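Chemist: Shown below is the structure under consideration.
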Amino acid sequence: AKRVVIKVGTSTLVYPDGSINLRAIDQLAFVISAMRHRGREVVLVSSGAIGVGLNYMGLKQRPKAIPEQQAIAAIGQTELISIYKERFAIYEQKIGQLLLTRDIFVYPKSHHNVLNTFEALLKQNVVPIVNENDTVAVDELDHETKFGDNDQLSAIVATNIGADLLIMLSDIDGFYDGNPNADAQAQLLAHVGKVDQRTYELAGGSGSRFGTGGMVTKLKAAERMIDAHGQMILANGADPTIIFQILAGEPVGTLFG
Ligand code: ADP
């Protein structure tokens with residue numbers, strides 16, 4: 001896998017008490033810069049805008065109204081990207097921000113433009129940092145997929161830019177044969193070859209306060225990767241240097257595909 005997409009969830013970036021996990025962000029910057037030096041092309045899909053925005057504004061809870069949430073996302077995205085910029089700069093790694101909606105890839109013209117932007121950034125050794133454009137993606141708010149479903153966006157980006165590996169970091173060691181929050185007996189599955197109805201039945205919702213997707217959107221992402229003959233690895237992002245183990249082929253997390 002020369003080209004790799006890494007997706008980090010809110011739970012990796014924001015502590016349960018709402019403060020920002022700067023150590024995790026720093027380690028991500030370190031790992032991704034190291035990967036670049038080893039000749040890999042990396043795209044980072046990062047959630048966390050709302051979590052960071054709430055922290056920035058001194059709020060404990062997500063506002064109920066959608067425009068207020070979008071405002072928090074706009075504020076938080078600015079703060080989040082400036083933290084990334086600062087941390088990546090330590091490793092002399094440049095970044096570029098892309099705010100996308102999933103339907104971009106549906107329209108030939110925008111699809112073409114977005115792909116060209118990715119190519120131009122990667123060619124110049126810049127790490128693209130992607131988030132769903134929460135200001136525009138109003139549709140998402142009304143549907144079950146919710147706001148900021150970067151799980152599916154990360155797989156859409158990966159398959160479109162020809163990345164055959166999606167590394168999905170969350171607050172859990174991998175995919176279990178039951179929701180570990182509800183079932184203490186649930187076992188980690190090291191390998192899931194295909195995602196079907198049975199797999200979805202094992203998935204529950206989000207366990208974290210700020211997370212949105214839960215396991216269902218991660219399975220949809222895995223399904224999309226497998227359909228495109230790629231793979232997805234779901235692993236615990238508590239220590240993002242786990243990415244080195246993943247790339248070394250060590251058996252961590254759950255391999256899909
Ligand atoms: P993130 O913020 O990283 O995207 P989410 O909170 O949205 O994470 O989703 C991860 C959560 O999904 C886990 O912490 C767990 O509580 C929940 N979950 C539900 N079903 C499963 C399952 N079968 N295996 C693992 N986690 C599951």
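Chemist: Check LEU169, LEU189 and return the single one that is in contact with a helix residue (DSSP H, G or I) (Cβ under 6 Å, 6 or more places away or on another chain), at pLDDT 95 or above and within 10 Å of the ligand (Cβ to nearest atom).
Modeler: Going through LEU169, LEU189 in turn, just one is in contact with a helix residue (DSSP H, G or I) (Cβ under 6 Å, 6 or more places away or on another chain), at pLDDT 95 or above and within 10 Å of the ligand (Cβ to nearest atom): LEU169.
Chemist: Of all residues in region 132-165, which are modelled with pLDDT of 90 or more, away from the ligand (no atom under 13 Å from the Cβ) and in contact with a Gly (Cβ under 8 Å, 6 or more places away or on another chain)?
Modeler: ALA158, THR159, ALA163, ASP164, LEU165
Chemist: Checking GLY178 against (1) in contact with a strand residue (DSSP E or B) (Cβ under 7 Å, 6 or more places away or on another chain); (2) near the ligand (Cβ under 9 Å from one of its atoms): exactly one of these is not met. Which one?
Modeler: Here GLY178 meets the rest and fails (1).
Chemist: From (1) closer than 22 Å to GLY53 by Cα; (2) over 18 Å from the mean Cα position of the chain (by Cα); (3) surrounded by 14 or more Cβ atoms within 10 Å (Cβ to Cβ), pick out the condition that doesn't hold for ASP171.
Modeler: (2)
Chemist: Going by what's in this entry, would ILE32 be described as of a type in the set (A, V, I, L, M, F, W, C) and crowded, with 23+ Cβ neighbours inside 10 Å?
Modeler: Considered against the rule, which asks whether it is of a type in the set (A, V, I, L, M, F, W, C) and crowded, with 23+ Cβ neighbours inside 10 Å, ILE32 comes out as yes.
Chemist: Of all residues in region 1-23, how many are in a helix (DSSP H, G or I) and buried (at least 21 other Cβ atoms within 10 Å of the Cβ)?
Modeler: Adding up the residues that qualify gives 4.
Chemist: Kindly establish whether GLY213 is over 30 Å from GLU119 (Cα atoms) and either among the aliphatic types (A, V, I, L, M) or modelled with pLDDT under 95 (or both).
Modeler: no
Chemist: Take the residues in region 151-179 that are without any contact (Cβ under 8 Å) to a residue 40 or more places away in the chain and in contact with an Asp or Glu (Cβ under 9 Å, 6 or more places away or on another chain); name whichever of them is farthest from ASN131 (Cα to Cα).
Modeler: ASP177
The values are calculated or read from the model by the stated rules, or taken from the named source; none is laboratory data. This is a predicted model, so every value here is computed, not measured. When we count neighbours, we look across all protein chains shown, and the Cβ atoms used for this are built from the backbone with ideal geometry, even at glycine.
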